[in-house]
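The values are calculated or read from the model by the stated rules, or taken from the named source; none is laboratory data. Nothing here was measured: the structure is a model prediction, and the numbers come from that model. As a convention, Cβ positions derive from the backbone with ideal geometry for all residues, glycine included, and neighbour counts pool all protein chains shown. The area values use the complete protein model at the heavy-atom level, side chains included, leaving out ligands, DNA and RNA. Shrake-Rupley method; radii C 1.70, N 1.55, O 1.52, S 1.80 Å.
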Amino acid sequence: VIVGSHLLTNIGELTTNDPTFGDYSALGRLHDAAICFEDGYVVWAGPAGAAPAADEATDCAGAAVVPGFVDSHTHLVFAGDRLAEFTARAAGQPYDTGGIMDTVTATRAASSTELAEQARRRRAALRRSGATTVEVKSGYELTVEGERRLLEVAAHVGDEVTFLGAHVVPPDYATDREAYVELVAGEMLEACAPLAGWADVFCDRGAFTVGEARFILERARERGLGLRVHGNQRDDSGGVELAVELGAASVDHCSHVNDGDLEMLAASMTVATLLPGAEFSTGSSYPSGRRLLDAGVTVALATDCNPGTSYVTSMPFVIALAVREMGLSPDEALWAATRGGARALRRNDVGWLGVGARAHAVLLEVPAAAHLAYQPGSDHVARVFDGAS
Ligand SMILES: [Zn+2]
């Protein structure tokens, strides 16, 4: 933890995501700026020429500073890989949720030490690319003890922890889905709720129906968990409608949304989280982020880091995809990857750099944040500030 004050000065472009700063846009942007952190929080931001004195100073040499990325959707705790499945898709085979069980088998066989070490490595990769807040889900054991074990690992690497016992119905319950739904909403939830802040359900073709998802999420809400939904990835599955109806913080994927969904989302507190790494990896068509934004929906961007459909540990790569493939402007994509992610996690302390926010920031090696989309595939992160170094 950084104690004392630290001034970042000579910032070419400072994005605060605080509309009271600079150009009064959502990005709250300042040029030739400085920002001062003290004891882990932002205490001042403004023109470099008016900066206060501080214990320590960093000259940013005209480079851009942005809020740390908020990755609100990951599945970091798993063992094994799904390279064979990816290769088969590259040869033309369509995505099928059945591959999740390959990861379940590998994860069940792995030791807790091994799982923790691998998850820690993925979390470190995310941080190197600028992610300072990361959500981590369970979902690759699908047993009471196993899901509990994954949440224990998730708590060590994640800032927000989500119980996803309802990822898919395991094959041993194929002839009695109802028994698995009862297990998740009963004994499994009982064991897992104390270790998680959120519950999530994969509500889609090949996973859980709207009725099953509602049953599980309502029980989770009774236990005090916040709600999230994997919805409308493969079909117009009703997941968006359910998420809004239950007041979920976020509905993730939204690859297939109808006009009714858009209207409902726009009038709600539910964020639509886009995961372009999944479309990239599965070779599916990208949903239009433009359409969501134009309808007034709050949009977040996340990696969905998982071994099957989005083995991605870079938020800048996600930003580049969203700009090129989903119709977001570079500024909209940056906001969605920072403040949008924070909204999706109902966090007001991260995703922005106004006074009072956490000192979670990324110093880039480029003069403007738009270069993240303009020069994709390169590492533009010079330094990550998150109080941990
Ligand atoms: Zn996911």
Identify, from the list Thr175, Thr143, Thr162, Thr132, the residue that is in contact with a strand residue (DSSP E or B) (Cβ under 6 Å, 6 or more places away or on another chain) and of a type outside the set (Phe, Trp, Tyr). Thr162
Scan segment 171-183 and report the pairs whose first residue is under 14 Å from Gly211 (Cα atoms) and whose second residue is in a helix (DSSP H, G or I) and charged (D, E, K, R), with Cβ atoms within less than 7 Å and a gap of 6+ or a chain change. Val181/Glu212
If you go through segment 167-204, how many residues are of a type in the set (Gly, Ala, Ser), more than 28 Å from Asn348 (Cβ to Cβ) and modelled with pLDDT of 95 or more? 4
Requiring at least 2 residues that are modelled with pLDDT of 95 or more and more than 13 Å from the ligand (Cβ to nearest atom), the helices (runs of 4 or more DSSP H) wholly within segment 247-337 are 259-266, 289-294, 315-326, 330-335
Residues being within 16 Å of the ligand (Cβ to nearest atom), part of a loop (DSSP other than H, G, I, E, B) and farther than 17 Å from Val240 by Cβ: count how many of those fall in segment 189-205. 1
Can you tell me which residue within segment 227-257, out of those that are open to solvent by 60 Å² or more (accessible area, probe 1.4 Å) and out of contact with any Asp or Glu (no Cβ under 6 Å at 6 or more places or on another chain), is nearest to Ala300 (Cα to Cα)? Glu241
Tabulated pairs, segment 226-239, first of a type in the set (Asp, Glu), second more than 11 Å from the ligand (Cβ to nearest atom), C-beta under 7 angstrom, 6+ apart or interchain: Asp235/Arg205; Asp235/His256; Asp236/His256; Asp236/Asn258
So which residues in segment 267-320 are touching a Phe, Trp or Tyr at 6+ places or on another chain (Cβ under 6 Å) and of a type in the set (A, V, I, L, M, F, W, C)? Met315
What are the residue pairs meeting all of these: first residue in segment 140-152, first residue at negative phi, second residue surrounded by fewer than 20 Cβ atoms within 10 Å (Cβ to Cβ) and among the hydrophobic types (A, V, I, L, M, F, W, C), Cβ atoms under 6 Å, and 6 or more apart or on different chains? Val144/Ala191; Arg148/Ala191; Leu151/Leu195
Gly224 open to solvent by 50 Å² or more (accessible area, probe 1.4 Å), away from the ligand (no atom under 16 Å from the Cβ) and at pLDDT 95 or above: yes
